[in-house]
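**Q** Sending over a structure as C-alpha cells; questions will come in a sec.
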Ligand SMILES: C[S@@+](CC[C@H](N)C(=O)[O-])C[C@H]1O[C@@H](n2cnc3c(N)ncnc32)[C@H](O)[C@@H]1O
C-alpha cells in the first residue's frame, strides 16, 4: 500500500535520508536562491516544505535576509530543524492550511509541489496569502513529464500522491494564479536527466 507523502518523509529523518536531500538538491537550490535574491534589497523568506531546514539555515546567513521561516508537515523534519537552528522559526503544518503572520518577499520550494493533491490550489494560496505585492514564488521540481527517468518514482518510493505534469502545465498554474514575469529553466541536465525544472513568477 502506498503511503501519504508527509508520512513517508517523516520516516526519512531517522533513516538519515533528509541529509541526502541537501546533497542532491543543493545545485538547483543554489541556482534558485541566487536568481531570487540577485539585485534584491533586504528580503523576508519562506521555505515551503523545508524538510530539515537546511535552506532556511543557509539563506538566513545572507546579509540582506531579514527573516527566514520554514514550514513542513513532517514532525520529525521540524523537530530536527528546530534542534539544529534555535534562531529561525519553523512550523509543522500542512502547506494548504498554513498562513504566515506576515507576508514575505520570497517563497521558495524545492521538490514539494507535486506531492500536493492540488498543486494549483497551493500556488493560488501562496499568491493570495503568503506573498507581498511584487514578491516572488520560485519552485524546483525533478518529477515532471519531460524528465522521463523520474516516471518510475511513485512505484519506487511507495508514495500515494505524486502529480506528473509537463513544464507547460506548471507554467499555466502560475499564469492562472495571477503571477507575471513567469520564467522557467532547468538546472543540472545531463545524459538521461533533463535537470531540475525551475518555475518562478512575480505577484
Ligand atoms: C522531497 S522533500 C524536500 C524537502 C526540502 N525542500 C529539501 O529540499 O530538502 C518534500 C518535503 O515536503 C513535505 N511536504 C509534502 N507535502 C506537504 C504538505 N502538504 N504540507 C507540508 N509539507 C509537505 C514533506 O514532509 C517533505 O519534507
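The values are calculated or read from the model by the stated rules, or taken from the named source; none is laboratory data. Predicted, not measured: the structure shown is a model, and the values here were computed from it. With ideal geometry, Cβ positions are generated from the backbone for all residues, glycine too; neighbour counts draw on all protein chains shown.
**Q** Any residue in region 129-137 that is closer than 15 Å to residue 50 by Cβ, outside any strand (DSSP E or B) and touching a residue at least 40 places away in the same chain (Cβ under 8 Å)?
**A** Yes; the residues of region 129-137 include at least one that is closer than 15 Å to residue 50 by Cβ, outside any strand (DSSP E or B) and touching a residue at least 40 places away in the same chain (Cβ under 8 Å).
**Q** Here is a list: 178, 195, 158, 188. Which entry is farther than 17 Å from residue 50 by Cβ and modelled with pLDDT under 95?
**A** From the options 178, 195, 158, 188, the qualifying one is 158.
**Q** If we keep just the residues of region 83-96 that are more than 10 Å from the ligand (Cβ to nearest atom) and touching a residue at least 12 places away in the same chain (Cβ under 8 Å), which is nearest to residue 4 (Cα to Cα)?
**A** 90
**Q** Residue under question is residue 66, and the condition is that it be touching a residue at least 12 places away in the same chain (Cβ under 8 Å) and within 13 Å of the ligand (Cβ to nearest atom); does it hold?
**A** It is false that residue 66 is touching a residue at least 12 places away in the same chain (Cβ under 8 Å) and within 13 Å of the ligand (Cβ to nearest atom).
**Q** Tell me which of these residue 135 doesn't satisfy, since it passes every other one: (1) more than 23 Å from residue 42 (Cα to Cα); (2) surrounded by 14 or more Cβ atoms within 10 Å (Cβ to Cβ).
**A** (1)
Results for (1) more than 7 Å from the ligand (Cβ to nearest atom); (2) at pLDDT below 95, shown as yes or no for each residue.
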| residue | (1), (2) |
| --- | --- |
| 3 | yes, yes |
| 28 | yes, no |
| 36 | yes, no |
| 39 | yes, yes |
| 50 | no, no |
| 53 | yes, no |
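**Q** Just the residues that are buried (at least 23 other Cβ atoms within 10 Å of the Cβ) and under 16 Å from residue 163 (Cα atoms), please, taken from region 105-114.
**A** 109, 110, 112, 113
**Q** Which condition does residue 14 not pass, out of (1) farther than 26 Å from residue 186 by Cβ; (2) touching a helix residue (DSSP H, G or I) at 6+ places or on another chain (Cβ under 8 Å); (3) near the ligand (Cβ under 9 Å from one of its atoms), if it passes all the others?
**A** Every listed condition holds for residue 14 apart from (3).
**Q** Go through region 155-197 and report how many residues are at positive phi and buried (at least 17 other Cβ atoms within 10 Å of the Cβ). Give the derivation first.
**A** In the first step, residues of region 155-197 are kept if they are at positive phi; the result is 158, 178, 181, 188, 191, 195.
Now restrict to residues that are buried (at least 17 other Cβ atoms within 10 Å of the Cβ): 195.
Going through region 155-197 one residue at a time, the tally reaches 1.
**Q** Considering only region 60-74, state which residues are surrounded by fewer than 18 Cβ atoms within 10 Å (Cβ to Cβ) and closer than 19 Å to residue 22 by Cβ.
**A** Correct list: 61, 62.
**Q** Anything in region 173-187 that is part of a helix (DSSP H, G or I) and under 19 Å from residue 33 (Cβ atoms)? List them, or say none.
**A** Listed by number, the list holds a single entry, 174.
**Q** Does region 105-119 include one or more residues that are closer than 30 Å to residue 169 by Cβ, modelled with pLDDT of 95 or more and more than 14 Å from the ligand (Cβ to nearest atom)?
**A** yes
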